[in-house]
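*Asks:* I have a structure here, written as structure tokens, and I will follow up with some questions on it.
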Amino acid sequence: MENEKQLEQFEAKINADSKIEPKDWMPEDYRKHLIRQISQHAHSEIIGMQPEGNWITRSPSLRAKLILLAKIQDEAGHGLYLYSSCETLGISREELIEQLHTGKAKYSTIFNYPVLTWADVGAIGWLVDGAAIVNQISLQRTSYGPYSRAMVRICKEESFHQRQGYEIMGKLAKGTAEQKEMAQDAINRLWWPTLMMFGPHDADSAHTGKAMKWKIKRETNDELRQRFIDKTVQQAEIIGLTVPDPELKWNAEKNKYDHGKIDWEEFKRVVNGDGPCNKKRMDNHLKAHNEGAWVREAATAYAAKQVKEEVVG
Amino acid sequence: MSNVKDSQWPLWEVFVQASPGIPHKHVGSVHAPDKQMAMQNARDLYTRRSEGISIWVVPAEAIVASNPDDSDMLFEPSNDKVYRHPTFYVMPEGSKNI
């Protein structure tokens, strides 16, 4: 059968660590998995602009404001790189946005938590972007060419995000007792939701098997989560903050940290729409989308008029 | 809330030249209603960190791409023409600068 031969060639390419490009034959499941994963990734970048956007006008200095603006602009850029790479799989931008609005496509649960203080802005850069970097570095080696290239671009830009967040946390931790408390409070609230960003444990993850086999993902959720924990605990210690996990303990034998249990019930609740800010994030996105409709229409009309004038003129 | 008629504008492919003397390289794509906005969007999206000195934007539908299924037909004929490579030729022992 033609399909079997094609599948064989496809898997041979994957096994040889070659890349799959948009016009290459690929199994429907591979395409579907990629669309689901890349679009979720893209939506996360775009929705992720909201929690930070709330702080632009309340930045504590002009320096902080310029940095925050640049960071949020980067997040928009990352969303666009990812949408473009997803579109090479044969789905349109319109459909992608529609899927976000109908809830068919998800975005990272972390962005459904509120950003209550300036320390939260720091914690997002340090922890949330830090977790994203661990994931994205691994995804640079994904088997799908356009996704891999988007990841390479994103990784180049992302490290500034993490550093600026860590700088904010370090400054607060060295400040007044109140400021330090604010920093500690931020990590207390955001630590566990950050660990959830890596997704369910491998044993409970419905999508891990094929994603690993086809090298869409190169490392499992648990492996990536562990790497993030091992890196971050030391960074917290240096600036005098505590990771809010009483069971966290260095395991010399395994050369890694053992950590406490993650509350997967909370994760499920937030994924399914019952987080503190789910409704607000989606309402905002819909509002911006609908209020921008006339701009998209006007620009399209203007472009058509220009073409007409070129032809006549 | 129907977005059936919504348009996110046509797709353009973006090529950036990083410094003088080297070729433009494909970096990704943007959506835009016309040439001018395609250029502006490409500038905003792909050169935020001094990545380039020149940009080309091309309507994606104007690009003709080869089909992977035709690869054998297209590229096989060059595989048996080793005489197109300088290493094919045997130079006399001791000859220099050739």
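*Asks:* Can you work out the Karplus-derived ³J(HN,Hα) for every residue in the stretch A:274-288? Use 6.51 cos²θ - 1.76 cosθ + 1.60 with θ = phi - 60°, whole Hz, and x for glycine or proline.
*Replies:* So the Karplus estimates, Gly and Pro as x, are 9, x, x, 10, 3, 5, 4, 4, 6, 4, 4, 5, 4, 4, 4 Hz.
*Asks:* With an 8 Å Cα cut-off and a minimum separation of 6 or more residues, compute the relative contact order for chain A in percent.
*Replies:* It comes to 18 percent, rounded to a whole number.
*Asks:* What are the ³J(HN,Hα) values, in whole Hz, obtained from phi via the Karplus relation 6.51 cos²θ - 1.76 cosθ + 1.60 with θ = phi - 60°, for each residue of the stretch A:150-158 in sequence order, with x given for Gly and Pro?
*Replies:* 5, 5, 4, 4, 5, 4, 4, 8, 6
*Asks:* Let me ask another. May I ask you to list the lysines whose Cα is less than 25 Å away from that of A:K231, ignoring any residue fewer than eight positions away on the same chain?
*Replies:* Within reach: A:K71, A:K156, A:K171, A:K174, A:K180, A:K215, A:K217, A:K249, A:K254, A:K256, A:K261.
*Asks:* Under 5 Å between amide H atoms, partner at least 5 residues away or on a different chain: which partners does A:I20 have, H built in plane at 1.01 Å?
*Replies:* A:Y144, A:G145
*Asks:* Sort out for me the Cα centre separation of the stretch B:30-95 from the stretch A:21-83, rounded to whole Å.
*Replies:* Centre-to-centre (Cα) distance: 28 Å.
*Asks:* Which whole-angstrom value gives the distance between the alpha carbon centres of the stretch A:90-132 and the stretch A:164-203?
*Replies:* The stretch A:90-132 and the stretch A:164-203 have Cα centres spaced 17 Å from each other.
*Asks:* Antiparallel versus total DSSP beta bridges in the protein assembly as shown: what percent is that, nearest 5?
*Replies:* DSSP beta bridges in the protein assembly as shown are roughly 95 percent antiparallel.
*Asks:* Excluding residues on the same chain fewer than 8 positions from B:K35, give the lysines whose Cα lies under 21 Å from its Cα.
*Replies:* A:K305, A:K308, B:K25
*Asks:* Ignoring everything except DSSP H segments at least 4 long, calculate the 222 nm mean residue ellipticity for chain A; use -39,500 (n - 2.57) per segment, divide by total residues, nearest 500.
*Replies:* The helix contribution divided over chain A gives -21500 deg cm²/dmol.
*Asks:* Can I ask one more? Would you mind ranking A:M212, A:M197 by Cβ crowding within 10 Å, fewest neighbours first?
*Replies:* Exposure proxy ranking, most exposed first: A:M212, A:M197.
*Asks:* Aspartates and glutamates within cross-link reach of A:K210: Cα-Cα under 18 Å, excluding same-chain residues under 8 positions apart?
*Replies:* A:E4, A:E8, A:E11, A:D17, A:E28, A:D29, A:D202, A:E219, A:D222, A:E223
*Asks:* What ranking of A:F160, A:F198, B:F75 emerges when the number of other C-beta atoms within 10 Å of each C-beta is taken as an exposure proxy, fewest first?
*Replies:* B:F75, A:F160, A:F198
*Asks:* For the stretch A:27-41, what does the Karplus curve 6.51 cos²θ - 1.76 cosθ + 1.60, with θ = phi - 60°, yield as ³J(HN,Hα) per residue in whole Hz, taken in order and with x for Gly and Pro?
*Replies:* x, 4, 5, 5, 4, 5, 4, 5, 4, 4, 5, 5, 5, 4, 5
*Asks:* Fewest to most neighbouring Cβ within 10 Å: what's the order for A:V307, A:V134, A:V271?
*Replies:* Lowest count first: A:V307, A:V271, A:V134.
Where a number appears in this text, it was derived from the coordinates with a stated rule and is not lab data. Quick caveat, the model's predicted, so the values are computed rather than measured. Please note: Cβ atoms are built from the backbone with ideal geometry, for glycine as well, and neighbour counts cover all protein chains shown.
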